[in-house]
Amino acid sequence: GRKLHGHAANLPQVVTHRPIEPLFGAVDIWCPNLGDANSLGHLDLPELAARQRQGEQVWWYTCCVPTYPYPTWLVDDDAVCPRVFCWMMALHDIQGFVYSMVHGWGEDPFAHVTSFATTNGDGLLLYPGEVFGSRDPFPSVRLMLLRDGIEDYELLRKLSREQDHVARILGTRVPGEDPSKDLCRTLIRGLTDFDRDPERLAAARALLLEQLAAIG
């Protein structure tokens, strides 16, 4: 890892594992599983924050694991989960994610979506269009929801940046915690109700836009 880092200084090195001391100095981006299912069984958030203070980035990924109650991108999960995944990224200062593939379809993905480790839809965010006369693949609903979640993530980051900007202009400290963090918690709270109550999800998004408008 250190040899690669030394010879490819302009190419960030990413490892899909939690930070471990033997790799310190050789990794630019730590990318554990969302629930660190293959290591501790949970994310050590202070550990990740410590690496960020060293100038390294923290991403994460989801795949076959972890499953419920973690948000997944699987076909049989609540539709809001791809967006909650992004809200959690904003809440925990996760800077990116990786995903193994988006076109992992079998012989007939419109009839059978079982994929890796008997999960439904892992690695399958696009569907082949040829069977319906299209030269382009079809996006899944999950991919469109993920797009909305990424937009939410950027809005939450903007809220955080603008709040800092206002504080600098006024020469004062804004009391309390970063408002985007509180908003993330508001958005994530009651996850199981969001998909059953579209109005509640719409209200949460409206709250986000209202907070952005309030700081100009």
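Applying the criterion of at least 2 residues that are open to solvent by 20 Å² or more (accessible area, probe 1.4 Å), out of contact with any strand residue (DSSP E or B) (no Cβ under 6 Å at 6 or more places or on another chain) and under 25 Å from Arg161 (Cβ atoms) to the helices (runs of 4 or more DSSP H) found wholly in the range 1-93 leaves 45-53, 81-91. Within the span defined as the range 171-190, one or more residues are at pLDDT below 75, open to solvent by 70 Å² or more (accessible area, probe 1.4 Å) and closer than 24 Å to Val75 by Cα.
A Cβ distance below 6 Å, combined with a sequence gap of six or more or placement on separate chains, defines the contacts here; from the range 134-145, residues that are on the phi < 0 side of the Ramachandran plot and of a type in the set (Gly, Ala, Ser) reach residues that are modelled with pLDDT of 95 or more and not in a helix (DSSP H, G or I) in the pairs Ser140/Leu125. Just for the range 109-141: of the residues that are farther than 17 Å from Asp76 by Cα and not in a loop (DSSP other than H, G, I, E, B), which one is most open to solvent (accessible area, probe 1.4 Å)? My answer is Phe132. The single condition from (1) modelled with pLDDT under 85; (2) part of a helix (DSSP H, G or I); (3) open to solvent by less than 70 Å² (accessible area, probe 1.4 Å) that Gly106 fails is (2).
The values are calculated or read from the model by the stated rules, or taken from the named source; none is laboratory data. No experiment lies behind these values; they were computed from the predicted model shown. Note that we place each Cβ from the backbone using ideal geometry, even for glycine, and neighbour counts take in every protein chain shown. The protein model used for the area step is the full one, side chains on, heavy atoms only, and it has no ligands, DNA or RNA in it. Shrake-Rupley method; radii C 1.70, N 1.55, O 1.52, S 1.80 Å.
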